[in-house]
Amino acid sequence: MSGSSALFKTDGEKVMQSSKIERSGLQIDVFPTREEASAAAADEVEALLRKKDSVNLGLATGSTPLPFYRELVRRHREEGLSFAQMEGFNLDEYEGLPPEHPESYDSFMQQQLYAHIDARESHLLPGIYQNAEEACRAYEEKIVEKGGLDWQLLGIGGNGHIGFNEPGSPVDSRTRRIELDERTRRDAVKQFGTLEKVPLAALTMGIGTILEAKRIVLMAWGAGKAGILQKALQGPVTAEVPASFLQTHGNVRILIDEEASQG
């Protein structure tokens, strides 16, 4: 772990913090690198897999969790860690993308994780559907049927979104179709190539759905995330910064690298 962090302020003044910070019911751990932070998250998952006969993981996509998935795959291949009792639930999916689309989150999860481990089952929100409300209701029911989420992984968007819960999303929101914020779509251009190719909407677990997970771990890397982390973790709890609702959960761990800690 690193020695100090300048992310958080009190009464407008920067204060030096140790690498482990307790604030608003959140545990915040600062690591020198994203790989070390990801290994800490993998430690939690490994502990669950060794302790429980059935483990339900809520899983995120994008560039942030890539080192985490690499570490899980490494432990499976090199150390024999079994995922046979694990079921995964994806956080979200772009509307209109079939599973085989290279930018679908279904494709992402297969390539980064499921093709390399022995998971019991993977549950993914559909990109193609006839009725969004029915698809989302079925997903909620599946989570309940399986006993709820033991552990939920999150990233954070530049506008404070978690999953695709954009600013304005209510705390009691459930899995649903949502139109994507313009900033979110612009951030996705690097994956899709042009703004016109970025989907206009997605299905996402709701904030209420996320907050029902027994344990939540949020990861963030780089100086570009420092500002929104400060708003989400130290600012007021508000729908305008959806990640701020994590302050109300009571069992949340924030894993960041040193660059993200420098507010």
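The values are calculated or read from the model by the stated rules, or taken from the named source; none is laboratory data. If you're wondering where the values come from, they're calculated on a predicted model, not measured in any experiment. Cβ coordinates were reconstructed from backbone atoms using ideal geometry, including for glycine residues, and neighbour counts include every protein chain displayed.
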Quiz prompt | Within the range 71-89, tally of residues that are in a helix (DSSP H, G or I) and in contact (Cβ under 8 Å) with a residue 40 or more places away in the chain | solution = 3
Quiz prompt | Verdict on Glu71 being more than 27 Å from Ala223 (Cα to Cα) and modelled with pLDDT of 95 or more | solution = no
Self-check item: Residue among Leu246, Leu233, Leu229 that alone is hydrophobic (A, V, I, L, M, F, W, C), touching a Lys or Arg at 6+ places or on another chain (Cβ under 9 Å), over 30 Å from Pro98 (Cα atoms) and assigned to a helix (DSSP H, G or I)
Solution: Leu233
Exercise. Evaluate the range 165-176: report whether one residue or more is at pLDDT 95 or above and farther than 30 Å from Val55 by Cβ.
Key: yes
Practice problem: Being within 24 Å of Val45 (Cα to Cα) and either buried (at least 18 other Cβ atoms within 10 Å of the Cβ) or out of contact with any strand residue (DSSP E or B) (no Cβ under 8 Å at 6 or more places or on another chain) (or both) is the filter here, so list the residues in the range 218-243 that pass it. | Solution: Leu218, Met219, Ala220, Trp221, Leu229, Leu233, Ala243
Quiz item: Residue check, Arg70 against (1) closer than 19 Å to Ile254 by Cβ; (2) under 17 Å from the mean Cα position of the chain (by Cα); (3) surrounded by fewer than 19 Cβ atoms within 10 Å (Cβ to Cβ), all met but one. Which one?
Solution: (1)
Quiz item: When you go through Thr194, Thr175, Thr204 one by one, which is the residue that is among the polar types (S, T, N, Q) and in contact with a Cys (Cβ under 8 Å, 6 or more places away or on another chain)?
Solution: Thr175
Quiz item: For the range 188-214, which residues satisfy the criterion of being over 14 Å from Glu166 (Cα atoms) and either among the hydroxyl-bearing types (Ser, Thr, Tyr) or over 19 Å from the mean Cα position of the chain (by Cα) (or both)?
Solution: Val189, Lys190, Phe192, Gly193, Thr194, Leu195, Glu196, Lys197, Val198, Pro199, Thr209
Practice problem: Kindly provide the set of residues from the range 14-61 that are part of a strand (DSSP E or B), of a type in the set (Val, Ile, Thr) and at pLDDT 95 or above, ordered by number. | Solution: Ile28, Val30, Val55
Self-check item: Near pairs, Cβ below 6 angstrom, 6+ apart or cross-chain, from the range 225-246 (farther than 17 Å from Thr184 by Cβ) to any residue that is at pLDDT below 95 and of a type in the set (S, T, N, Q)
Solution: Ala226/Gln262
